Amino acid sequence: MEREGTRLHALDAARGLAMALVLSLHCLLSFIETPIGWAIKDRSTHVAADFAVWVGRAFLMPAFFLLAGFFSRLSVERGGLLAFARERARRVLVPLLAALVPVSMAMNALWDHGRQLAARAAVGEQVPALRASELPVTLAHLWYLYYLLVISALAVVLPRRSARAFRYLPLLAAIPVAGLLLLAGKLQLDTPLSFFIEPSITAYFAVFFAWGWLLDRDELDSYARRLPLLLGALAVLLAAIVPALLASAAPGAPARAPASALVASAMFTCLAVATFLGACGRLLARERPFFRILADSSYWTYVVHLPLAVFLQIQVASLPWPGPIKYAVIVVLTAATCLVTWRAFRLAYARYALRGQPPLRRA
């Protein structure tokens, strides 16, 4: 992997690409056939959308937690635990507190509007909320920041250095992940919606955070070298999971998936994370301005993209356009709005910061 000082361009690309894929999958949720209580269901649905969402959910959020663990260890190595805690408060807690109420109000309003358009029964009672007066506050997609704060406490007990002895971290991570899926009986764990910290979900993502923390840069290089092998293993595992995946979506599906499918799903998730990192290491190892922009804007994009995507999904849901065209419109407009507003915010912040700087003295 190309390195510039301590910067790994492949990980920049991984962060930006993961965010772009998360945005793309969220834009796809109104087109899936499986009923999940989404704000709106488009008139054009296809099972291929369900399959794409399932595959993306298998590795994208685990990859985010892995990258968070990797960079958290570097932060602790540079400045110690106290500096890491301050950095977490500034970069995670403050944005979470600032965005929680506006995002929650927007999502609640969009869900209400979508329910009225579709004449669908309310689902709000099924969604746990933190209530202050008459204002319901829900986590929505900000659950990632909420859980990242909690899981970051692992920095106190994890070793300060990467574990170079662990040459097979994906397979080691698959053991606790398989145990958690077997305990839940599901091919994937549900997205957390409650402010109550769910132990199984916390443990699940803590595995990937610890994996990233222990990850050595040479191990990252090994994922790129083993990319063909990883891709082949993924294809075999996915073929083994598909029958259980189809059965789980059929009417009268059993409450628990077969144990073999649960273990295969755990292995698929862990190997998919390694494959994603390996593909970025092999194909995007050199700095590319486009992916650098995606990486730099990823935090802003994560916070603001979902209300935009849901708003657009509601606007086009009843239009008689082909589904792929509507989906492309949603993705392009959401991504463009995120990038433009990020650029505007960055420029405004830079101007504000310069006001407090003393004038430069002439030599």
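Data overview
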{"quantity": "Residue-wise HN-Hα coupling along the range 55-71, computed from phi with Karplus coefficients 6.51, -1.76, 1.60 (Hz; x: Gly, Pro)", "calculated": "5, x, 5, 5, 10, 5, 5, x, 5, 4, 5, 4, 4, 4, x, 4, 6"}
{"quantity": "Segment Ser318-Leu93, length gained on full extension (0.36 nm per residue, minus Cα span)", "calculated": "77.2 nm"}
{"quantity": "Distance (nanometres) between label positions extended 7 Å along Cα→Cβ at Leu74 and Thr34", "calculated": "3.4 nm"}
{"quantity": "Global form of the range 10-126, assessed from the alpha-carbon gyration tensor, a/c cut-off 1.5", "calculated": "oblate"}
{"quantity": "Using θ = phi - 60° and Karplus 6.51 cos²θ - 1.76 cosθ + 1.60, couplings along the range 94-99 (whole Hz; Gly, Pro as x)", "calculated": "4, x, 4, 5, 5, 8"}
{"quantity": "Modelled FRET efficiency - R0 35 Å, Ala259 with Thr45, Cβ distances, 0.05 increments", "calculated": "0.70"}
{"quantity": "Read-out Cα extents along the principal axes in Å, derived from the coordinates shown; its label in [x] 71, 49, 40; [y] 62, 58, 49; [z] 85, 49, 43", "calculated": "[x]"}
{"quantity": "Gained length - Asp218 relative to Arg288, 0.36 nm times residue gap less alpha-carbon distance", "calculated": "23.0 nm"}
{"quantity": "Relative packing of peptides 89-98, 196-205 - highest average C-beta neighbours within 10 Å first", "calculated": "196-205, 89-98"}
{"quantity": "Residue-averaged [θ]222 nm for the chain, counting only DSSP H segments that reach four residues, each worth -39500 (n - 2.57)", "calculated": "-23500 deg cm²/dmol"}
{"quantity": "3J(HN,Hα) from dihedral phi, the range 285-300, Karplus parametrisation 6.51/-1.76/1.60, rounded to Hz, x for glycine, proline", "calculated": "6, 9, 5, 10, x, 4, 6, 5, 5, 4, 5, 5, 8, 4, 5, 4"}
{"quantity": "Length gained when the stretch Asp190-Tyr349 is fully extended (0.36 nm per residue, less Cα-Cα span)", "calculated": "53.6 nm"}
{"quantity": "Inter-centroid distance (Cα atoms) of the range 263-307 relative to the range 59-73, Å", "calculated": "10 Å"}
{"quantity": "Of Ala235, Ala350, Ala49, the one that fluctuates the most in a GNM where the chain has Cα springs shorter than 10 Å", "calculated": "Ala350"}
{"quantity": "FRET E, pair Arg226, Gln116, Förster distance 45 Å, beta-carbon r, rounded to 0.05", "calculated": "0.30"}
{"quantity": "Relative contact order for the range 1-83, counting Cα pairs under 8 Å that sit 6 or more residues apart, in percent", "calculated": "24 percent"}
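A short reminder: the numbers here are calculations on the coordinates, not readings from a lab. All of these numbers come straight from a predicted model, not from anything done at the bench. Quick reminder, even Gly has a Cβ in these numbers, built from the backbone with ideal geometry, and neighbours come from all protein chains shown.
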